[in-house]
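The values are calculated or read from the model by the stated rules, or taken from the named source; none is laboratory data. Note that this is a predicted model, so its numbers are computed, not measured. Here the Cβ positions follow ideal geometry from the backbone for every residue, glycine too, while neighbour counts run over all protein chains shown. The accessibility values were calculated without ligands, DNA or RNA, using every heavy atom of the protein model including side chains. Shrake-Rupley method; radii C 1.70, N 1.55, O 1.52, S 1.80 Å.
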Amino acid sequence: MIKKIICPYCGCGCALYLKIEKGKIISALPVKDDPVSEGKPCIKGLTVHEVIYSKNRIKKPMVRKNGKLREVNWEEAFEFIAKNLEKFDPSDITFYGSSPATNEDAFLFQKVAREIYKTENIDSCARLCHASTCYALKEAFGISAMPHAMLKDIKNADCILITGSNPKSNYPVAFNKILDAKKKGCKIICVKQTEDETTEYADIFVKIYPGSHIIFLNGILNELVLRNNVKVEEKISEFLMKYTEKYVCELCRIKKNDFRKVVDEIEKSKNFCLMYGMVLTQHTYGVENVFSAANLVIAKNGKIIPMRGKANIQGVQDMGLVPGKNGNTIIESVFLYPSKAFWILETNPAQSMPDLNKVHKVFRKAFIVLQCSYKNLTMEFSDVVLPSSSFAEVDGTFTSAESRVRYFKNAINPLFDSKPNWVILKEFAKYVGKHYNYTNTLSITKDIIKNVVGYNKINIEKLIKGESQFVERVIRFKKYHVAEFEGFEEPTSKDYPFILSTARRPYQFCTSDMSVSSKKLREISHPECFISEENGKEIGLEDGELICLVSRVGKIKANVRLSKKVPKNLIIVPYHYRNILVNKLIPIEFSPVVYEPNLKKAAVRVEVCKRK
């Protein structure tokens, strides 16, 4: 027997079959007619069955007693939460959620926050990855999501500019469509701070100085204006004037000929596509970076495709996991006005936030409820842990990066003493005297269709039959924005001569709470940092040697991998691994517009910790 689900990993949102024998899931299989993967899902999706019965699953409710988490029954857990949360004012409590919570989970989560605890301190982990995207695209197109574009549009492009993203590694299904376009003659341009899996397929690769993307993008548009290839508003052409070829090449530290090659290809393009990711957004100037990308796309009448990180992170935002009036973002709730209590749904902020030493200090003082399927670092700071059922044990809807809404049924019944997230929330609400009349997941879906903007035209009968539905996203306007370069974050110095940047790796996902449970992925993925061979030789490092990385706010140890791809004085560290908490090194700096933190640039030094 096989059951169709939606992959719980990235924002592509591929369908998968789970094969079941004797009531147990034994494998994951491609869905040949899936319009997203086209029958070619990535290795993370095809190994997803390995994580379902993992020892890393949270199996029973737990409450912290005498400093240790102890297993309890559900009523005891609810009682403990209710007694503690009633001590706090609404302004003292923050609700923080994420994918793989379904739309239905997220919708009820924000209702519990707003209707029971009267707080608008509601946010999601989208704050850490694409808050800049949502704000900038809403200002540029009137839509806080991917506008007028779908993944299939990649195939029809004649020129694709990829910047700040590594789709070959992190979004292989999207990358397959890039290869389809390339076969038809599309030119692939990669503009990045380091070589990676994607740059190997580029027709043009330009290695720019870390954090200089906005300079490069503004320079391209300025050159296109000067060549009369595009027309922009006068105020835009005026601000672009300083982004001359000379200025761009000096600050980006590139050759003029490389810059001209990029401009030449984009000038010729009739079906231009720009794809970007978190190397653009996770900066104090992330909004300005996205504005510069949107300006270029508007001028070329092209497509802009932000690569969203998680399977339902677009849906989580759509459902209202954003601060309301006078509500705080998660950045404010941790760093500026620390909350006294947090209810955390399906995410791991004790590993994913910047300046982790400060985060951990705040969490130690707070009352924390963690509602999750898999054990993670945040458990160590939690006072209550509620076991949610995994993606294979629940039904519901996901909204992908391209606003594709799909319904999936549970492949098996909930394991252990876990429950679907929406059931946990409904039962807790009832315990504290609030009755939600939801009888099943689809009764919440109907409420979503009735109340959430853009979802009102979704046909629930077609959803149930397995047909994709789309959130209504109408472009209201196309508006240019001044996007000035205001200077680099975290400049290097004599004490901290290296730039550190975080990255994803092909065979783990986010903070790896789920993916680390896959035996296959563990075998082919190892915690390590990457430094140039040239720097390694200067310092006297050996491949695999343990080093210490030190910033002005933290220190970690990691085994080093000497790389030909990484440029001199740049260090790349994956953020997946609990034993390399790289975000301890990143000081808290954030966008003044959307409070998205810098997670891509920190000044560090290298110390040799231990010789072999």
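Couple of notes before you dig in:
Here's the yes/no breakdown for (1) out of contact with any helix residue (DSSP H, G or I) (no Cβ under 7 Å at 6 or more places or on another chain); (2) closer than 30 Å to ILE52 by Cβ; (3) of a type outside the set (A, V, I, L, M):
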residue: ASN451; (1), (2), (3): yes, no, yes
residue: SER468; (1), (2), (3): yes, yes, yes
residue: GLU472; (1), (2), (3): yes, no, yes
residue: PRO491; (1), (2), (3): yes, no, yes
residue: PRO506; (1), (2), (3): no, yes, yes
residue: VAL516; (1), (2), (3): no, yes, no
residue: LYS520; (1), (2), (3): no, yes, yes
residue: HIS526; (1), (2), (3): yes, yes, yes
residue: PHE530; (1), (2), (3): yes, no, yes
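- PHE141 being in contact (Cβ under 8 Å) with a residue 24 or more places away in the chain, open to solvent by 30 Å² or more (accessible area, probe 1.4 Å) and more than 20 Å from PHE398 (Cα to Cα): no
Conditions (1) farther than 29 Å from SER144 by Cα; (2) modelled with pLDDT of 95 or more, marked per residue:
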{"site": "LYS361", "(1), (2)": "yes, yes"}
{"site": "MET379", "(1), (2)": "yes, yes"}
{"site": "SER403", "(1), (2)": "no, no"}
{"site": "ARG406", "(1), (2)": "no, yes"}
{"site": "LYS409", "(1), (2)": "no, yes"}
{"site": "ILE424", "(1), (2)": "yes, yes"}
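- Restricting attention to segment 53-69, the residues that are out of contact with any Phe, Trp or Tyr (no Cβ under 7 Å at 6 or more places or on another chain) and among the basic types (Lys, Arg) total 4.
- Residue satisfying condition, being crowded, with 24+ Cβ neighbours inside 10 Å and touching a residue at least 60 places away in the same chain (Cβ under 8 Å), within set PRO147, PRO167: PRO167
- Any chance TYR247 is assigned to a loop (DSSP other than H, G, I, E, B) and surrounded by 14 or more Cβ atoms within 10 Å (Cβ to Cβ): no
- Segment 521-556, residues that are among the β-branched types (Val, Ile, Thr) and open to solvent by 30 Å² or more (accessible area, probe 1.4 Å): ILE524, ILE539, VAL553
- Selection count where residues are of a type in the set (A, V, I, L, M), within 21 Å of TYR577 (Cα to Cα) and either free of Cβ contacts under 8 Å to residues at least 40 places away in the same chain or in contact with a Gly (Cβ under 6 Å, 6 or more places away or on another chain) (or both), scope segment 334-358: 2
Residue by residue, here is whether (1) among the charged types (D, E, K, R); (2) within 21 Å of CYS14 (Cα to Cα); (3) surrounded by fewer than 24 Cβ atoms within 10 Å (Cβ to Cβ) holds:
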{"position": "LYS270", "(1), (2), (3)": "yes, no, yes"}
{"position": "GLY286", "(1), (2), (3)": "no, no, no"}
{"position": "ASN301", "(1), (2), (3)": "no, no, yes"}
{"position": "GLY315", "(1), (2), (3)": "no, yes, no"}
{"position": "VAL322", "(1), (2), (3)": "no, no, yes"}
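- Sole exception among (1) open to solvent by 30 Å² or more (accessible area, probe 1.4 Å); (2) free of Cβ contacts under 8 Å to residues at least 40 places away in the same chain; (3) small (Gly, Ala, Ser); (4) under 30 Å from ASN598 (Cα atoms) for SER493, by number: (2)
- Among the candidates LYS310, LYS255, LYS231, LYS242, residue that is open to solvent by 10 Å² or more (accessible area, probe 1.4 Å) and within 30 Å of the chain's Cα centre (by Cα): LYS310
- Test: residue in segment 471-486 that is part of a loop (DSSP other than H, G, I, E, B), aliphatic (A, V, I, L, M) and buried (at least 21 other Cβ atoms within 10 Å of the Cβ): yes
- Look at segment 499-511: where a residue is open to solvent by 20 Å² or more (accessible area, probe 1.4 Å) and a partner is in a strand (DSSP E or B), sitting 6+ places away or on another chain with Cβ atoms under 9 Å, you get ALA503/PHE530; ALA503/ILE572; ALA503/VAL573; ALA503/PRO574; ARG504/PRO574; ARG505/PRO574.
- Unmet criterion (only one of (1) under 23 Å from the mean Cα position of the chain (by Cα); (2) in a helix (DSSP H, G or I)) for PHE530: (2)
- Residue within segment 342-353 that is aromatic (Phe, Trp, Tyr) and outside any helix (DSSP H, G or I) present: yes
- Filtering ASN421, ASN413 for residues that are of a type in the set (S, T, N, Q), touching a residue at least 12 places away in the same chain (Cβ under 8 Å) and touching a strand residue (DSSP E or B) at 6+ places or on another chain (Cβ under 8 Å) leaves a single hit, ASN421.
- Considered as a group, the residues in segment 562-612 that are assigned to a loop (DSSP other than H, G, I, E, B) and of a type in the set (Val, Ile, Thr) include one that is most open to solvent (accessible area, probe 1.4 Å), and that residue is VAL593.
- Test result for VAL290, open to solvent by less than 30 Å² (accessible area, probe 1.4 Å), under 21 Å from ILE154 (Cα atoms) and free of Cβ contacts under 8 Å to residues at least 60 places away in the same chain: no
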